[in-house]
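A short worksheet on the structure shown next.
The values are calculated or read from the model by the stated rules, or taken from the named source; none is laboratory data. Predicted model only: the values in this text are computed from it and were never measured. Every residue, glycine as well, gets a Cβ built from its backbone with ideal geometry; the counts of neighbours run over all protein chains shown.
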Amino acid sequence: MERRAVATEFPQLSPKQPHYLADIRLNQDGHVAEWDSGAATLFGYSRREAVGESFYRFLWLPDLPSGALEWQLNNAYYTGHASTRGRFVRSDRAQFSAACEITPIWDNGFQG
């Protein structure tokens, strides 16, 4: 079973600033299994750089309680969905705010 994480950026500077949508698949351990072009644009890492990395690499850790990612992944597993807002980090170390929706993807392709 994998988990699908969809992150949507909330622009800080101007309502005219573009919103980016990233569709990322995580394995059961919270490591990136798939990384789409929206994720590459939003986070600044290529697919080659991101796949296999822990999703923690992309989170702003000072704001994150210990075990928060695991809690969200387990919540999605047991309830079919988890959502959160938080700060993430781009490849240039710039921070941005985003909403993240997590849904499980079962081996037969069923979501949530």
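Just wondering, is there one or more residues in region 53-75 that are within 16 Å of residue 31 (Cα to Cα), among the basic types (Lys, Arg) and surrounded by 13 or more Cβ atoms within 10 Å (Cβ to Cβ)?
yes
From the residues in region 96-107 that are among the aliphatic types (A, V, I, L, M) and either within 17 Å of residue 40 (Cα to Cα) or modelled with pLDDT of 85 or more (or both), which one is surrounded by the fewest Cβ atoms within 10 Å (Cβ to Cβ)? I'd like the intermediate steps shown before the answer.
Of all residues in region 96-107, those among the aliphatic types (A, V, I, L, M) come to 98-99, 102, 105.
With either within 17 Å of residue 40 (Cα to Cα) or modelled with pLDDT of 85 or more (or both) added as a condition, the list becomes 98-99, 102.
Values: 98: 21, 99: 13, 102: 24.
Checking each candidate, the answer is 99.
Taking region 36-74, which residues are touching a Lys or Arg at 6+ places or on another chain (Cβ under 6 Å) and among the polar types (S, T, N, Q)?
Across region 36-74, there are no qualifying residues.
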